[in-house]
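Novice: Have a look at this one.
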Amino acid sequence: MSKLKTVDLTFGAVFVCLMAIGANITVWFPVLAVPIGGATVPVSLQTFFAILAGLMLGRKLGSLSMIVYTLVGVAGVPVFANLQAGPMALATPTGGFIISFICVAFIVGWIADFAKKPSIAMYTFAALIGLIVNYGIGVSFLYLSMNTWLELSITYSLAWKGMIPFLIKDGALACLAAVFMISFAKRVPYAFRTARTSTNG
């Protein structure tokens, strides 16, 4: 990665803050926390912001912003869902989703970086791939944690069925992220071009 510029640090910091905000919607609206088996899975906007980070910042800066977000939470700042913090937050049933955001931003950004021409179809494809990565890692970790250290018997299919409402919501938001990117690239071309090319060129 080339030397980070002020605009890179600014964009990255913005997404760290957005991830923290998106994680804690249920703090103000508890009804959005849905029980699945013996765990409670909060509704959040984190998948949307992780996908948007990849689309807007590219694979390197996008994934770096997600790494910083994760490290900030692990270090003790309450930026995870329900204002959780510390390394043990990664061992909760939803810890896999936190880890997956790094992969989501990188893969979505990688697709966007190497696209010959930005388009709504390309952005949508990248966003949906990011969604698959997010849930593939997150649900698998959820299933593993509930059947091992939490000692709660649950089938893999049931784990996926329980996530269907969230998957529908995040699928719609993934498509919204693609639409947003087209609008953003047209309205703020300089900032968009600077953020993407300075670290991903």
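Novice: Assess whether Pro93 counts as being in contact with a strand residue (DSSP E or B) (Cβ under 9 Å, 6 or more places away or on another chain) and not in a helix (DSSP H, G or I).
Specialist: yes
Novice: Another question, then. So Val16 fits all but one of (1) modelled with pLDDT under 90; (2) in a helix (DSSP H, G or I); (3) of a type outside the set (Phe, Trp, Tyr); what number is the exception?
Specialist: (1) is the only condition that Val16 fails.
Novice: Sticking with this one: Out of Ser145, Ser153, which single residue is among the polar types (S, T, N, Q) and either assigned to a helix (DSSP H, G or I) or modelled with pLDDT of 90 or more (or both)?
Specialist: None of the other options fit; the residue is Ser145.
Novice: Return the residues of the range 66-85 that are in contact with a helix residue (DSSP H, G or I) (Cβ under 7 Å, 6 or more places away or on another chain) and modelled with pLDDT under 95; say none if nothing qualifies.
Specialist: Across the range 66-85, the qualifying residues are Val79, Phe80, Ala81, Asn82, Leu83, Ala85.
Novice: Right, something else. Being within 13 Å of the chain's Cα centre (by Cα), surrounded by fewer than 18 Cβ atoms within 10 Å (Cβ to Cβ) and in a helix (DSSP H, G or I): is that true of Ile102 here?
Specialist: no
Novice: Just the residues that are more than 11 Å from Ile51 (Cα to Cα) and either under 12 Å from the mean Cα position of the chain (by Cα) or in a helix (DSSP H, G or I) (or both), please, taken from the range 113-124. Give the derivation first.
Specialist: Going residue by residue through the range 113-124, those that are more than 11 Å from Ile51 (Cα to Cα) are 113-122.
Asp113, Phe114, Ile120, Ala121, Met122 - these are the residues of the range 113-124 that are more than 11 Å from Ile51 (Cα to Cα) and either under 12 Å from the mean Cα position of the chain (by Cα) or in a helix (DSSP H, G or I) (or both).
Novice: Please determine, by comparing only the residues of the range 162-201 that are in contact with a strand residue (DSSP E or B) (Cβ under 9 Å, 6 or more places away or on another chain) and assigned to a helix (DSSP H, G or I), which one is modelled with the lowest pLDDT.
Specialist: Pro165
Novice: Next up: Take the residues in the range 130-178 that are β-branched (Val, Ile, Thr) and more than 12 Å from the chain's Cα centre (by Cα), then tell me which one is surrounded by the most Cβ atoms within 10 Å (Cβ to Cβ). Walk me through it before giving the result.
Specialist: First, the residues of the range 130-178 that are β-branched (Val, Ile, Thr): 132-133, 137, 139, 148, 154-155, 164, 168.
Pick out the ones that are also more than 12 Å from the chain's Cα centre (by Cα) and you get 139, 148, 154-155, 164, 168.
Values: Val139: 21, Thr148: 9, Ile154: 19, Thr155: 10, Ile164: 9, Ile168: 10.
It comes out as Val139.
The values are calculated or read from the model by the stated rules, or taken from the named source; none is laboratory data. Every value quoted in this text rests on a predicted model; they were computed, and no experiment measured them. In this analysis, Cβ positions are derived from the backbone assuming ideal geometry, glycine residues included, and neighbour counts consider all displayed protein chains.
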